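Below is one structure; the comments refer to it alone.
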Amino acid sequence: MPESKKSSSSPSSVAQAKKPSPSFKNKATAIVGILVALTASLTYNFARDATIDLGLLLGPIEPFNTQGCKVVPGPQACEDIHLHRASGLAFTTCGDSEARKIWFPPMDKHNATGAPEVAFRDKFVIYDINTDKYEVMKLEGLPEETDRVFHGLGVFERSAKDLTIFAVNHRRGGSVIEVLEYSIGDTVVQYKETIRHPLIVTPNDIVAMGERSFYVSNDHRHPTGHMREIEELTRRPWSNIIYYSPESTFVAYDGIISANGMTANTDRSKLFVSACHGGAMHVFEPQPDHSLAQLDRVKLDFYNDNPSFDPNSGSVFITGHVKPLIMTVQLKQLGVRVDGPSKVVKMTPHPLHLQDPERYPAYEVETVLVDNGKLISTGTVAAVDRRRGVMLVGTAFSDRGLVRCPLPEGF
């Protein structure tokens, strides 16, 4: 037999040829290190945000700056407030705090058959800061049988006394935007039209930009079901902000974790949007094409709900929940009064940021008021009337729907 040819490479030389080079080892080590660091960072951020969401690691909540606060008897579950500062009138919508536990789509409460009729009979309320009295307004033109489950409001001042009001309404047949008009001194609010659009899926709050144009936040991609649960549990950045006008409607900004309440400065050159899961406030600048460019993202240490702009100070007052887990549990219990601890902070442009942006943040945040839920429960908005020295707090799920406080000294 002919002698077989042997490879000229010995076993040791083959092994040596396959041995990774030092540069390859370094790259592999670097990649593994990056993955480990990324995983650790994501885990830390998720844990931190979850801690804020649930209100964990917090001891007993001590009231702060609540002296002089008093409940306005009557109104319940008043989610949002807009002030007409010239007249001292506060516009809000109020519901039934117990019925909110059965039907309120923003909290994934969809039991339409089990809900009492009062769940669909919210009221439009005007509170006069000057007289400390409120009036339930008739909605003229809106058929009586129409569901009224109001949520966020947006107000556009057409003139010194004429207002266009956009109201989120979570009807049983789907959420819509009701367009209303009111003139200061009138005894009724006029219904004008209902806006439906495929992009407006889970509307939460509105910033009015004109007589028929606005931004609206969708707080979830999925209105209900398992995908909504996944969206919340994993804190997916799946919510967005929609720009609406009769001529054009589109996604103005996408990729927010639970876009919630919104407000704007006086000339509407900046929008402030709460991302409630994990506690953050996004600052946007509307572009000429009405898309939104993000300017900043300010971290907060609580579950922030609705912001309210104070034109006198240029500050944004942000209200929300300190221990959301308490609220979530009690909202599942019929007949149990909800005592959700609440907090109000003031977010103000830092005076030294433009001089030294590396050293000073764009905004500084100060705590204005805190309550353990016994007086102010499930607070969702704080509207400041600096001229009259009043801060009016609205609550989403409490039978103490409006709480009037003196504006704390120094704020």
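The values are calculated or read from the model by the stated rules, or taken from the named source; none is laboratory data. All of these numbers come straight from a predicted model, not from anything done at the bench. As a convention, Cβ positions derive from the backbone with ideal geometry for all residues, glycine included, and neighbour counts pool all protein chains shown.
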Q) Are any of the residues in region 274-286 touching a Leu at 6+ places or on another chain (Cβ under 8 Å), crowded, with 21+ Cβ neighbours inside 10 Å and in a loop (DSSP other than H, G, I, E, B)? A) yes
Q. When you scan region 393-406, how many residues do you find that are assigned to a strand (DSSP E or B) and buried (at least 24 other Cβ atoms within 10 Å of the Cβ)?
A. 6
**Q.** Within region 164-189, considering residues that are more than 30 Å from Asn111 (Cα to Cα) and over 25 Å from the mean Cα position of the chain (by Cα), the one modelled with the lowest pLDDT
**A.** Thr187
Q. Taking Asp132, is it surrounded by fewer than 15 Cβ atoms within 10 Å (Cβ to Cβ), farther than 16 Å from Cys94 by Cβ and among the charged types (D, E, K, R)?
A. yes
Q. Taking into account only those residues within region 207-238 that are among the hydrophobic types (A, V, I, L, M, F, W, C) and surrounded by 15 or more Cβ atoms within 10 Å (Cβ to Cβ), which is farthest from the chain's Cα centre (by Cα)?
A. Met209
Q: Scan region 118-137 for residues that are of a type in the set (Ser, Thr, Tyr) and in a loop (DSSP other than H, G, I, E, B) and jot them down.
A: Thr131
Q) Looking at region 355-366, is at least one residue buried (at least 22 other Cβ atoms within 10 Å of the Cβ) and not in a loop (DSSP other than H, G, I, E, B)? A) no
Q. Of (1) part of a loop (DSSP other than H, G, I, E, B); (2) touching a residue at least 24 places away in the same chain (Cβ under 8 Å); (3) closer than 23 Å to Pro223 by Cβ; (4) not small (Gly, Ala, Ser), Leu142 satisfies all except one. Which?
A. (3)
Q) Scanning for something under 26 Å from Glu157 (Cβ atoms) and surrounded by fewer than 23 Cβ atoms within 10 Å (Cβ to Cβ), does region 89-98 turn up at least one residue? A) yes
**Q.** Cβ-Cβ under 7 Å pairs, at least 6 apart or on other chains, region 105-119 side over 20 Å from His226 (Cβ atoms), far side part of a helix (DSSP H, G or I)
**A.** Ala115/Ala99; Pro116/Ala99; Val118/Ala99; Ala119/Ala99
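Per-residue answers, yes or no, for (1) among the aliphatic types (A, V, I, L, M); (2) more than 24 Å from Ala77 (Cβ to Cβ); (3) not in a strand (DSSP E or B):
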| residue | (1), (2), (3) |
| --- | --- |
| Arg268 | no, yes, yes |
| His290 | no, yes, yes |
| Asp305 | no, no, no |
| Ile318 | yes, no, no |
| Lys343 | no, no, no |
| Thr348 | no, yes, no |
Q | Lone qualifier among Asp49, Asp80, Asp96 - being in contact with a helix residue (DSSP H, G or I) (Cβ under 8 Å, 6 or more places away or on another chain) and at pLDDT 60 or above | A | Asp96
Q | Tabulated pairs, region 150-161, first more than 14 Å from Phe214 (Cβ to Cβ), second exposed (fewer than 13 other Cβ atoms within 10 Å of the Cβ) and of a type in the set (Gly, Ala, Ser), C-beta under 8 angstrom, 6+ apart or interchain | A | Ala160/Ala86; Lys161/Gly185
(Q) Among the listed residues Pro361, Pro324, Pro341, Pro357, identify the single one that is more than 28 Å from Ala86 (Cα to Cα) and modelled with pLDDT of 95 or more. (A) Pro341
Q. Can you tell me how many residues in region 86-117 are outside any strand (DSSP E or B), of a type in the set (A, V, I, L, M, F, W, C) and more than 22 Å from Val188 (Cβ to Cβ)?
A. 5
Q: Scan region 199-220 and report the pairs whose first residue is modelled with pLDDT of 95 or more and whose second residue is among the charged types (D, E, K, R) and buried (at least 22 other Cβ atoms within 10 Å of the Cβ), with Cβ atoms within less than 6 Å and a gap of 6+ or a chain change.
A: Thr202/Asp219; Asn204/Asp219; Ser217/Asp205
Q.
List pairs: first residue in region 221-232 and under 18 Å from Pro203 (Cβ atoms), second residue in a helix (DSSP H, G or I) and acidic (Asp, Glu) anywhere in the structure, Cβ distance under 8 angstrom, at least six positions apart or on different chains.
A. Arg221/Glu231; His222/Glu231
